[in-house]
Amino acid sequence: LGRNGQPSSRDQLRLIAGLSRRLSGQSTITGACNDALRAGMALTATTCGEVLFRDARTHQLVCLAARGEFPWCAAQSGGHRLGSKLVEAPLNDQEPVCVADVATDQRLDFPLPPGAPLRRAVSVPLTVRGRTLGAINFCGTDESAAGPGSLGALTVIAGLLAPVIENLYLGERATSQEAERRRFLVRELEASEDERRRIARELHDGLGQDLTGLAMSIDTALAMLAKPGEEDNARATLERSRETAANVLRDIRRVILALRPPALDDMGLFAALEAYAKRTIGDAGIQLHVSTSGRPDGLPPLVENVLFRATQEAINNVARHSGATSCWLTLSAGKARLRINVRDDGVGFDAAAVPQQGHFGLGSMRERVALIDGRILVTSAPGSGTRIDIRVPVKGNAS
Ligand SMILES: Nc1ncnc2c1ncn2[C@@H]1O[C@H](COP(=O)(O)OP(=O)(O)OP(=O)(O)O)[C@@H](O)[C@H]1O
Ligand SMILES: [Mg+2]
């Protein structure tokens, strides 16, 4: 250690070189953060450190790793220090912040616990290609801790850590997306297997039996016709046969219906969805408002089917979960893009907190829409309704 309890320049270099080596071998975000915190605490002569990360989707700050006890961890319940202007300053300004006395800093917008010994702090933003991912913060009691002299070395640490976090984070996200895709595919396979089994059973038990009966009764009628005086019996048998044939036809229609919603062919996508929504949303006692613009002409059957099934799921969710008074279905087909929006004024939910087990609708919607190069946006929060926005590029749409 050099003057004032801070490491000498040579020790700083040694610490940074060691950190750089360790980071290149790290495979977890927590491990990388802990390496950087250890090096940063030694460099700044501080007693605690933390790495904060701003979630790109929710904009919330989460603590990726912490060492030692931060005074604001004890001051705020659950260890969260979110919302403090002091913590957010380096994130917003993309500049490091040195604080001489945390307890008296105007930007600390909650009281520290009485007798908290920690005084000096420094916070350096973690930036990659001009984008701030989060910040690395240190705090210490020593008069010389976290002084402006440590900023240069800390900026190097932040520069080493930020791309590592980004890469590992992207890797972890890709892994969880891949896991979700697999879950979806397995479920689709199971569903289509169930569907095949059901159709096979229906064909065997219903159609197979009926057609066997039909052939037998026609044989009987033919045999009767060969005998004089049996014409009336033959006619009665043939009439029963006709009834059976009508049943067979009805069963075939049911099987076809299960394979592809015939409304799609009969009415087209928008009218089929409107009819489905009227029935489902109406049955749930929710007021439906539909607005349609353009006509989705010439969509490939797969795209049509995916859009029908995904919107059907969104509509079912409104009916089953929303408790809404109103639901808005907006369907618009433009030259280059098709948009479907399902909105309700119901209870809403926290999309980030939906358990994976037993809830497939939203995940399967995402996967299906991605298959046709579309995008889906789910906007919801407890108490403020839900909005599902599906956008799909279309080629050569007529309107
Ligand atoms: N419009 C909505 N309003 C309120 N909550 C909703 C809405 N849509 C979805 N949710 C919530 O999100 C959860 C997940 O929905 P998802 O469609 O993925 O699964 P599910 O409907 O529970 O089951 P299923 O697999 O049969 O679709 C629901 O259980 C519900 O809590
Ligand atoms: Mg559902």
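The values are calculated or read from the model by the stated rules, or taken from the named source; none is laboratory data. None of these values were measured; they are calculated from a predicted model. No Cβ is skipped: glycine too gets one built from the backbone with ideal geometry, and neighbour counts run over all protein chains shown.
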Filter result (surrounded by fewer than 20 Cβ atoms within 10 Å (Cβ to Cβ) and under 9 Å from residue 65 (Cβ atoms)) within region 30-53: 30, 31, 34
Selection within region 344-361 - within 21 Å of residue 284 (Cβ to Cβ) and more than 9 Å from ligand 1 (Cβ to nearest atom): 345
Lone unmet requirement of (1) among the aliphatic types (A, V, I, L, M); (2) surrounded by 15 or more Cβ atoms within 10 Å (Cβ to Cβ); (3) away from ligand 1 (no atom under 13 Å from the Cβ) for residue 302: (2)
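Tell me the helices (runs of 4 or more DSSP H) entirely within region 248-346 that contain at least 2 residues that are within 21 Å of residue 359 (Cβ to Cβ).
Details: elements: 262-267, 269-283, 301-317.
Hits in region 248-346: 269-283, 301-317.
Residues to consider are 293, 332; find the one that is within 30 Å of residue 58 (Cα to Cα), among the small types (Gly, Ala, Ser), modelled with pLDDT of 95 or more and away from ligand 1 (no atom under 16 Å from the Cβ).
On the way: 293 fails: within 30 Å of residue 58 (Cα to Cα).
Just one listed residue meets the conditions, 332.
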Given (1) more than 12 Å from residue 390 (Cα to Cα); (2) among the aromatic types (Phe, Trp, Tyr); (3) surrounded by 18 or more Cβ atoms within 10 Å (Cβ to Cβ), index of the condition residue 308 fails: (1)
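Consider region 322-331. How many of its residues are over 21 Å from the mean Cα position of the chain (by Cα), small (Gly, Ala, Ser) and buried (at least 16 other Cβ atoms within 10 Å of the Cβ)? Even if it seems obvious, please write down each step before you answer.
Here is the first cut: in region 322-331, the residues over 21 Å from the mean Cα position of the chain (by Cα) are 323-331.
Filter again for small (Gly, Ala, Ser), leaving 323-324, 326.
Those left that are additionally buried (at least 16 other Cβ atoms within 10 Å of the Cβ): 324, 326.
So the count comes out to 2.
Right, residue 319: surrounded by 12 or more Cβ atoms within 10 Å (Cβ to Cβ) and within 14 Å of ligand 2 (Cβ to nearest atom) or not? Reasoning before the result, please.
Working: surrounded by 12 or more Cβ atoms within 10 Å (Cβ to Cβ): yes; within 14 Å of ligand 2 (Cβ to nearest atom): yes.
In short, yes.
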Out of 182, 198, sole residue that is part of a helix (DSSP H, G or I) and within 30 Å of residue 242 (Cα to Cα): 198
Odd one out for residue 57 among (1) basic (Lys, Arg); (2) over 30 Å from residue 143 (Cβ atoms); (3) at pLDDT 90 or above: (3)
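In the set 279, 250, which member is exposed (fewer than 15 other Cβ atoms within 10 Å of the Cβ), free of Cβ contacts under 8 Å to residues at least 24 places away in the same chain, of a type in the set (Lys, Arg) and closer than 25 Å to residue 203 by Cβ? Before you say what the answer is, go through the steps one by one.
Numbers: 279 fails: closer than 25 Å to residue 203 by Cβ.
Selected residue: 250, the only one of 279, 250 that is exposed (fewer than 15 other Cβ atoms within 10 Å of the Cβ), free of Cβ contacts under 8 Å to residues at least 24 places away in the same chain, of a type in the set (Lys, Arg) and closer than 25 Å to residue 203 by Cβ.
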Meets criteria (surrounded by 15 or more Cβ atoms within 10 Å (Cβ to Cβ) and away from ligand 2 (no atom under 16 Å from the Cβ)) for residue 314: no
Top-ranked residue in region 327-376 [being away from ligand 2 (no atom under 15 Å from the Cβ) and basic (Lys, Arg); ranked as nearest to residue 187 (Cα to Cα)]: 375
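Applying the selection to region 282-299, what residues are within 16 Å of residue 372 (Cβ to Cβ) and either free of Cβ contacts under 8 Å to residues at least 24 places away in the same chain or touching a Leu at 6+ places or on another chain (Cβ under 9 Å) (or both)? Step through it out loud before you land on a result.
Filtering region 282-299 down to residues within 16 Å of residue 372 (Cβ to Cβ) leaves 296, 298-299.
Matches in region 282-299: 296, 299.
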Search result, residues across region 357-399 that are at pLDDT below 85 and assigned to a loop (DSSP other than H, G, I, E, B): 357, 358, 359, 360, 395, 396, 397, 398, 399
Selection status of residue 303, modelled with pLDDT of 90 or more and not small (Gly, Ala, Ser): no
